[in-house]
Amino acid sequence: MGLAEAFKQLGGTIVENAFVRKTTTSDNLQIAHTDRFEIKGHNLVYTTHMPPGLTVFDVECFPYRSYVIGIKLKNGDYPKHMAYDMKDPYHYIRTHTIDGQPYLILGGEDHKTGHDDPAAAFQALEEYARKYYYVESVDYRWSAQYYVPADGLPFIGKMPGFDDHTFVATGFSGNGMILGTISGKVLRDAILGKEDKYLKLFNPARIKPIAGFKDFVAENVDVAYHFIADRLSTADMESFVELAPDSGEVVEYKGQKIAVYKDPQGQITALSPTCTHAGCIVKFNAVEKSWDCPCHGGRYDLKGQVITGPPVMNLKQINNPGE
Ligand code: FES
């Protein structure tokens, strides 16, 4: 809040709830197009996790979800430090106090977005907590998304394939507090044309055929696998009666592939399961109640509206499934 206020006092304007569908350039101005209005400026900076649309980062930066629980302990023995273990998937602990009540914050059990089971991740975190601590209650649960670059370093600087006035900061691997702050300084210098020792190191156009090559290949083979396998593996559904309330699934219904969700009252929402970014098949996330894409981490709500990029268009509604 303090930062936002300082920004406004310096003449900045903050616009919220304005989904940018595309950007263009005209008369040396960058134009961001929302559904309601346009925003014009001399420079454009993508600080949106993954920049929207198809970009080089689709094959260089990989989406993960990370889980956290907030726990009250029986014995009040809250850790005074922050610590990570060395397991895979890893865990970390720290203490956070709200209105005088300390909580053990336990996080980890990360997995690629749209792969593995989020419910199992929360379950594993809770089991880990009960193994090492005297748990009184688990009061909070939440998850987040972050992006891991193929060679381990973030991308901060000029956006590859765009003009000299378009910039990006992404691939923070979950370390946004540090790398977000560094990005502010590096991007300021990039825009002002100043020397900055980090500009070369974090150059988004760096091409390293060796560094990160193994991860680069493994992650992209994974995308290719999902593009094909998820199209072939869908189960047939004779009738929506088979689907349990408050659950969703991608099914083949009367020869048509659909992402179907049944709400607790039995109301059905049917969507095209084809991600509008690059055409992979989305997967239902039963914990977050979202449709998650296993390829580049795009996520949609139950009505098919984009909640996490890189897609910029919503999933198509299917009004009369099977017709
Ligand atoms: Fe890229 Fe879905 S996010 S295909």
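Local charge for SER272 was computed over the other residues whose Cβ lies under 12 Å away, with Lys and Arg +1 and Asp and Glu -1, and equals +2. Against the compact-protein benchmark of 2.2 N^0.38 Å, the Cα-based radius of gyration of the range 1-95 scales to 1.67. Counting only Cα atoms, the chain measures 62, 59, 45 Å along its principal axes, largest extent leading.
In this structure LEU192 has an accessible area near 110 Å², from a 1.4 Å probe over the protein heavy atoms. For LYS72, neighbours were defined as the other residues whose beta-carbon sits under 14 Å from its Cβ, and their charges (Lys and Arg +1, Asp and Glu -1) total -2.
Protein heavy-atom accessible surface, 1.4 Å probe, per residue over the range 269-323: 39 Å².
Distance between the 7 Å Cα→Cβ label points at LYS74 and ILE178: 3.7 nm.
Placing VAL312, VAL241 in order of accessible area, with the largest value first and a 1.4 Å probe, yields VAL241, VAL312. Positive end of the dipole of the chain (Cβ unit charges, origin at the Cα centre): among GLY107, PRO154, TRP142, the Cα lying farthest that way belongs to PRO154.
Annotation: extensible slack from VAL15 through HIS81 equals 20.0 nm (criterion: 0.36 nm per residue apart, minus Cα-Cα distance). Accessible surface for the range 1-157, divided over its residues, is 58 Å² per residue with a 1.4 Å probe. Summing Lys and Arg as +1 and Asp and Glu as -1 over all other residues whose Cβ lies under 14 Å from the Cβ of LEU199 gives a net charge of +3. For the chain, give the percent of accessible area contributed by carbon and sulfur heavy atoms, probe 1.4 Å, rounded to a whole number. Heavy-atom surface of the chain belonging to carbon and sulfur, 1.4 Å probe: 55 percent. Using just its DSSP H runs of length 4 or more, each adding -39500 (n - 2.57), the chain gives a mean residue ellipticity at 222 nm of -6500 deg cm²/dmol after division by all residues. Which aspartates and glutamates, if any, have their Cα less than 18 Å from the Cα of LYS262, not counting same-chain residues under 8 positions apart? By straight Cα distance, LYS262 reaches ASP236, GLU238, GLU242, ASP246, GLU249, GLU252, GLU288, ASP292, ASP301. Spin-label model, ALA119/PHE7: points 7 Å from Cα along the beta carbon direction are separated by 3.9 nm. Note on exposure: GLU16, GLU60 ranked by accessible area (1.4 Å probe, complete protein assembly) read GLU16, GLU60, with the most exposed listed first.
Distance check, please: which entries in LYS87/LYS303; LYS80/LYS289; LYS131/LYS283; LYS8/LYS289; LYS40/LYS194; LYS80/LYS197 exceed 29 angstrom between their Cα atoms? Over 29 Å Cα-Cα: LYS87/LYS303; LYS80/LYS289; LYS131/LYS283; LYS8/LYS289; LYS80/LYS197. By the beta carbon rule, with partners counted only under 4.7 Å, the chain holds these lone Cys residues: CYS61.
The values are calculated or read from the model by the stated rules, or taken from the named source; none is laboratory data. Predicted model only: the values in this text are computed from it and were never measured. Cβ sites come from the backbone with ideal geometry, for glycine too, and all protein chains shown count toward neighbours. Each accessible area value is taken on the protein alone, full model and side chains, heavy atoms only, with ligands, DNA and RNA left out. Shrake-Rupley method; radii C 1.70, N 1.55, O 1.52, S 1.80 Å.
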